[in-house]
């Protein structure tokens, strides 16, 4: 395992990553070219968040048998390695697609990776655990700011449509932080801390409530703060991005 710019991993996290790699080797064998883990696990301020993001890069499209074994591996992770293995956000893409700027398509789900520019930026900035394959710099190209800005706007729209207030609020903070810093490599929790320092106090209750929700400590008052504060925060972000 190669870990770059990543905080210390707990034993349960390491065990989950080891099981993820073993499961994908079992599913794909020599067809597995690279496996990158990124997202919350690579930021120290997001300790306690249990979602697990990864890209598995294949040499060839999976056979039906490989696809079935892959789904079985994901089920085993959820059963045997909760909580980390129970909340997976994984992409299967082709090696030939990984070297370009064109967003790749998930080889099983058939959906396009609209955050491809952001994923590459995080990997190249060292917010990546290389479980298998070459370093990201040997595979992917850097995204331009124009690509990153487009992807960030897409993230904002995805958050706007989300039924989950806490997710929406933290992602609005992350998008605004990224634009103000001209740096798209930001975490949700880190961006919330930044927002509490830099945004008007009227937005602080919703941001604090979103953090409490992710940490499993939300109260009824937090739920109310999220309901009241979500729309004003998005209005602030919209006005800044429009200027």
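Look at region 73-87 and say how many of its residues are touching a residue at least 40 places away in the same chain (Cβ under 8 Å) and within 17 Å of the chain's Cα centre (by Cα).
2
Within region 92-119, which residues are in a helix (DSSP H, G or I), touching a residue at least 12 places away in the same chain (Cβ under 8 Å) and under 25 Å from residue 71 (Cα atoms)?
Residues satisfying the conditions are 95, 98, 116, 119.
Anything in region 94-112 that is over 11 Å from residue 147 (Cβ atoms) and in contact with a helix residue (DSSP H, G or I) (Cβ under 7 Å, 6 or more places away or on another chain)? List them, or say none. Lay out the reasoning, then the answer.
Kept after step one, since they are over 11 Å from residue 147 (Cβ atoms), are these residues of region 94-112: 94-100, 104-112.
Of everything in region 94-112, those that are over 11 Å from residue 147 (Cβ atoms) and in contact with a helix residue (DSSP H, G or I) (Cβ under 7 Å, 6 or more places away or on another chain) turn out to be 104, 108.
How many residues are surrounded by fewer than 16 Cβ atoms within 10 Å (Cβ to Cβ) and either in contact with a strand residue (DSSP E or B) (Cβ under 8 Å, 6 or more places away or on another chain) or closer than 10 Å to residue 38 by Cβ (or both) if we restrict to region 127-141?
Residues of region 127-141 surrounded by fewer than 16 Cβ atoms within 10 Å (Cβ to Cβ): 134, 137-138, 141.
Add one more test, that the residue is either in contact with a strand residue (DSSP E or B) (Cβ under 8 Å, 6 or more places away or on another chain) or closer than 10 Å to residue 38 by Cβ (or both), and what stays is 134.
Residues in region 127-141 being surrounded by fewer than 16 Cβ atoms within 10 Å (Cβ to Cβ) and either in contact with a strand residue (DSSP E or B) (Cβ under 8 Å, 6 or more places away or on another chain) or closer than 10 Å to residue 38 by Cβ (or both): 1 in total.
From the list 196, 131, 170, pick out the single residue that is under 19 Å from the mean Cα position of the chain (by Cα) and either assigned by TED's automatic domain parsing to the domain that holds residue 221 or in a helix (DSSP H, G or I) (or both).
After applying the criteria, what remains is 170.
The values are calculated or read from the model by the stated rules, or taken from the named source; none is laboratory data. Nothing here was measured: the structure is a model prediction, and the numbers come from that model. Note that we place each Cβ from the backbone using ideal geometry, even for glycine, and neighbour counts take in every protein chain shown.
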